[in-house]
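Asks: Sharing a structure here in structure tokens format.
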Amino acid sequence: MTKSQADVVRTALEILDERGAEAVSMRAIAERLGVRMNTVLWHVKTKARLEELMADAIVAGVSLDGLPEHWRERAAEVVRRYRRALLAHRDGAALVAGTYAAEPATLDTAEVLVASLLEGGLSARDAAWTCWSVIYFVLGLTQEEQALPSGSATLDVGERPALRRALPFLAEESFDERFEFGVAKLLGN
């Protein structure tokens, strides 16, 4: 049976979801597909290229349909959907953060986000940098959320008065609230 690049990427995402990023390898994909490693390499060439394609497939989970009309609400909704797409895959944020995927779904998502920011009156520079800031914030927060061990240990800040004062807020796991707060700040709400 002939395999395609889409088969390789789909299989890699299955392995990612089942066993995590460290388990994704050309050999594991070949074994799962029942083909030789050369077949996998024919379609993706390198592990870095595989990860770019996987990252774009994850970002393809961001629906760009039915977005709000107002630019700020539209930008915030795109970012919410981006986070949900990352969370839909085990280690999704770490995988996407570790790539520079200038691929169709990633570019389409960035296009809608930047267009929203431009519509809101930001300069091209500010729209680009705000886009990067929001994406990096979401990737970082989502990586933390996905990496947090269950029943995480208490944070010991020692004799650091500012950290001790803020400790109840630093240690809480309210990722949804922290996400909304950060997005609102970055989008100027």
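Asks: Return the pairs, sorted by first residue and then second, in which the second residue is of a type in the set (Phe, Trp, Tyr), the first residue lies in the stretch 118-140 and is modelled with pLDDT of 95 or more, the beta carbons are less than 7 Å apart, and the residues are 6+ apart or on different chains.
Replies: GLU119/TRP71; GLY120/TRP71; VAL138/TYR82
Asks: Name every residue in the stretch 3-26 that is among the charged types (D, E, K, R) and either more than 25 Å from the chain's Cα centre (by Cα) or in a loop (DSSP other than H, G, I, E, B) (or both), in order of residue number. Full working, then the answer.
Replies: Here is the first cut: in the stretch 3-26, the residues among the charged types (D, E, K, R) are 3, 7, 10, 14, 17-19, 22.
Within the stretch 3-26, just LYS3 meets the criteria.
Asks: Another question about this same structure. So which residues in the stretch 74-125 are among the basic types (Lys, Arg) and not in a loop (DSSP other than H, G, I, E, B)?
Replies: Our first condition is that a residue be among the basic types (Lys, Arg); within the stretch 74-125, this holds for 74, 80-81, 83-84, 90, 125.
The answer is ARG74, ARG80, ARG81, ARG83, ARG84, ARG125.
Listed here are the residues, each with its yes/no results for (1) in contact (Cβ under 8 Å) with a residue 24 or more places away in the chain; (2) among the small types (Gly, Ala, Ser); (3) open to solvent by less than 40 Å² (accessible area, probe 1.4 Å); (4) more than 27 Å from GLY182 (Cα to Cα).
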position: LEU13; (1), (2), (3), (4): yes, no, yes, yes
position: ASP65; (1), (2), (3), (4): no, no, no, no
position: GLU69; (1), (2), (3), (4): no, no, no, no
position: ARG80; (1), (2), (3), (4): yes, no, no, no
position: LEU86; (1), (2), (3), (4): yes, no, yes, no
position: GLY92; (1), (2), (3), (4): yes, yes, yes, no
position: VAL96; (1), (2), (3), (4): yes, no, yes, no
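Asks: Only one residue in GLU145, GLU103, GLU111, GLU159 is at pLDDT 95 or above and either under 25 Å from ARG81 (Cβ atoms) or over 20 Å from the mean Cα position of the chain (by Cα) (or both). Which one?
Replies: Numbers: GLU145 fails: at pLDDT 95 or above; GLU103 fails: at pLDDT 95 or above; GLU159 fails: at pLDDT 95 or above.
Residue meeting the stated conditions: GLU111.
Asks: Quick check on my filter: what residues within the stretch 131-177 are open to solvent by 60 Å² or more (accessible area, probe 1.4 Å) and in contact with a helix residue (DSSP H, G or I) (Cβ under 6 Å, 6 or more places away or on another chain)? Write out each step before concluding.
Replies: Taking the stretch 131-177 first, the residues open to solvent by 60 Å² or more (accessible area, probe 1.4 Å) are 132, 136, 143-144, 147, 149-151, 153-156, 159-165, 168-170, 172-173, 176-177.
Hits for the stretch 131-177 are GLN143, LEU155.
Asks: Tally the residues that are under 21 Å from ALA94 (Cα atoms), among the aliphatic types (A, V, I, L, M) and touching a residue at least 40 places away in the same chain (Cβ under 8 Å), restricting the search to the stretch 141-189.
Replies: Matching residues across the stretch 141-189 total 3.
Asks: Among the numbered criteria (1) in a helix (DSSP H, G or I); (2) open to solvent by 30 Å² or more (accessible area, probe 1.4 Å); (3) closer than 17 Å to ILE135 by Cβ, which one does ALA55 miss?
Replies: The number of the failed condition is (2).
Asks: Right, here's the next one. When the residues of the stretch 103-117 are narrowed to those that are farther than 16 Å from LEU186 by Cβ and without any contact (Cβ under 8 Å) to a residue 24 or more places away in the chain, which ends up surrounded by the most Cβ atoms within 10 Å (Cβ to Cβ)?
Replies: Result: ALA115.
Asks: Could you please find all residues in the stretch 15-46 being of a type outside the set (A, V, I, L, M, F, W, C) and out of contact with any helix residue (DSSP H, G or I) (no Cβ under 7 Å at 6 or more places or on another chain)? Break it down stepwise before answering.
Replies: Filtering the stretch 15-46 down to residues of a type outside the set (A, V, I, L, M, F, W, C) leaves 17-20, 22, 25, 27, 31-32, 34, 36, 38-39, 43, 45-46.
ASP17, GLU18, ARG19, GLY20, GLU22, SER25, GLU31, GLY34, ASN38, LYS45, THR46, listed by residue number.
The values are calculated or read from the model by the stated rules, or taken from the named source; none is laboratory data. Being a predicted model, the structure only gives us computed values, none of them experimental. Reconstructed Cβ throughout: ideal geometry from the backbone, glycine too, with neighbour counts over all protein chains shown. Surface accessibility is based on the protein's heavy atoms, side chains included, excluding ligands, DNA and RNA. Shrake-Rupley method; radii C 1.70, N 1.55, O 1.52, S 1.80 Å.
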